[in-house]
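Worksheet for the structure shown next.
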Amino acid sequence: MKSNLSYIVFIFLTFLVSSVKAQLTDSGKEHTNIPEKKIPTDTISKDSLKIKKPKEVLDAKVIHNAKDYVVQNVKNKTVTLYNEAVVNYNDINLKAGKIIINYANNTVFATGIYEKDSLDETKKIYKQRPVFKQGEQESKQDSITFNFKTKKALVYGVNTKEGEMLVYGEKTKRVNDSTIYVRNIRFTTSHKKNPDYYIRTDKAKLVPGKKIIVGASQMVIADVPTPLYLPFAYFPLEKKRTSGFLIPSWGENSQQGFFLQNGGYYFVVSQQGFFLQNGGYYFVVNDYFDLELTGDIYSNGSWAINSRSQYYVRYKYSGNFSFRYQNLIDGIRGFNNYSKRANYNISWSHSQDSKSSPNSRLSAS
């Protein structure tokens, strides 16, 4: 009886283990058919995130000072300097009666100030005009707006010196360090506050230290426009030899009356004569040869043409050649002292290099 009972228990346990094993096997198969869940990718594009870049700052410190007061506006990011104001930034030096620095747009605005006339207190005089200096270039103006970062500027009433030439402009736009456009410009070699003569043009392009290119221009003498016009002109400012126009200078001659010497036109003003000399055109043919062509015109009808040339070959020879022709009128037409005469002169000088031929030299005229 006991043995039969043991046998029945053994069969029941065997059946139970088989059932559990079968369920575990089927359960494993079902798990293999369940698809794997994928991790969703980030749907936000990196490019769509607007990351604010840090605001650019100036590459140098702006140093400023003023005699009367310095007012800082934190909200508008401006600093106002008044009376003998000074601003320094890199190689830029700016002096004026009043300067406003705007750090929001990296600009500086400078202008003069009105002060009472010491001789007449009812009148005011515009003083302390802005003086802008960058490197060797210096200019004086009525007002200027300058951008520290772009180096652009807008100037009114500019007065600057380029080589031997003085330049006055009503409105100036500076594109960069090497290009400046000027409106209603006049330029001269006269150093007087009110020049006796100048060339006037509506627009010009100025490359500091290199050249001035102008459009249609007119010669003005004693504030009186003359019939002398140029469709265009090119004036070199470089220290090295460069082709270009030579601006005449003012003078006088009591015999021939008012005149322009070495290029130009004449204008009678009084019994004493005035002239413009050293005008014309200068050609640089090559590294060894140049040519200068000029002309003279006097108020009494006299005239002259001039030609000068120099040549030079290092260690070999050098020389110069000149030619001048004059058609002179003396006296006044209709009087007994009236006369006409023609003169000409040719001069040539040639010499060999002292090392190659120390005793070879030729001169003729």
I want to confirm something. Restricting to region 153-182 and keeping residues that are surrounded by fewer than 15 Cβ atoms within 10 Å (Cβ to Cβ) and basic (Lys, Arg), which single residue is nearest to residue 209 (Cα to Cα)? 161
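Residues are listed down the side, and each one gets a yes or a no for (1) under 18 Å from residue 177 (Cα atoms); (2) in contact with a helix residue (DSSP H, G or I) (Cβ under 6 Å, 6 or more places away or on another chain); (3) modelled with pLDDT of 95 or more:
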residue: 99; (1), (2), (3): no, no, yes
residue: 103; (1), (2), (3): no, no, no
residue: 106; (1), (2), (3): yes, no, no
residue: 114; (1), (2), (3): no, no, no
residue: 118; (1), (2), (3): no, no, no
residue: 122; (1), (2), (3): no, no, no
residue: 137; (1), (2), (3): yes, no, no
residue: 141; (1), (2), (3): yes, no, no
Taking region 204-235 and keeping residues in contact (Cβ under 8 Å) with a residue 40 or more places away in the chain and either more than 15 Å from residue 169 (Cβ to Cβ) or β-branched (Val, Ile, Thr) (or both) leaves 209, 212, 219, 221, 222, 224, 226
Residue pairs, Cβ under 7 Å, 6 or more apart or interchain, first in region 68-90 and surrounded by 16 or more Cβ atoms within 10 Å (Cβ to Cβ), second among the acidic types (Asp, Glu). List them. 82/68
Scan region 197-205 and tell me whether some residue there is surrounded by fewer than 19 Cβ atoms within 10 Å (Cβ to Cβ) and part of a loop (DSSP other than H, G, I, E, B). no
Quickly run through region 113-127 and pick out the residues that are in a loop (DSSP other than H, G, I, E, B) and of a type outside the set (Asp, Glu). 118, 119, 122, 123
Tell me which of these residue 85 doesn't satisfy, since it passes every other one: (1) under 29 Å from residue 240 (Cβ atoms); (2) in contact with a Gly (Cβ under 8 Å, 6 or more places away or on another chain). (1)
Search result, residues across region 187-200 that are within 16 Å of residue 237 (Cβ to Cβ) and either aromatic (Phe, Trp, Tyr) or without any contact (Cβ under 8 Å) to a residue 40 or more places away in the chain (or both): 187
If we keep just the residues of region 58-67 that are assigned to a loop (DSSP other than H, G, I, E, B) and surrounded by 15 or more Cβ atoms within 10 Å (Cβ to Cβ), which is modelled with the highest pLDDT? 66
Positions within region 128-171 being of a type in the set (Asp, Glu) and assigned to a loop (DSSP other than H, G, I, E, B), in sequence order: 136, 142, 164
Taking region 78-112 and keeping residues assigned to a strand (DSSP E or B) and of a type in the set (Ser, Thr, Tyr) leaves 78, 80, 82, 89, 107, 111
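The values are calculated or read from the model by the stated rules, or taken from the named source; none is laboratory data. Remember, predicted model here, so these are calculated numbers, not experimental data. FYI the Cβ positions are ideal-geometry reconstructions off the backbone, even for glycines, and counts take in every protein chain you see.
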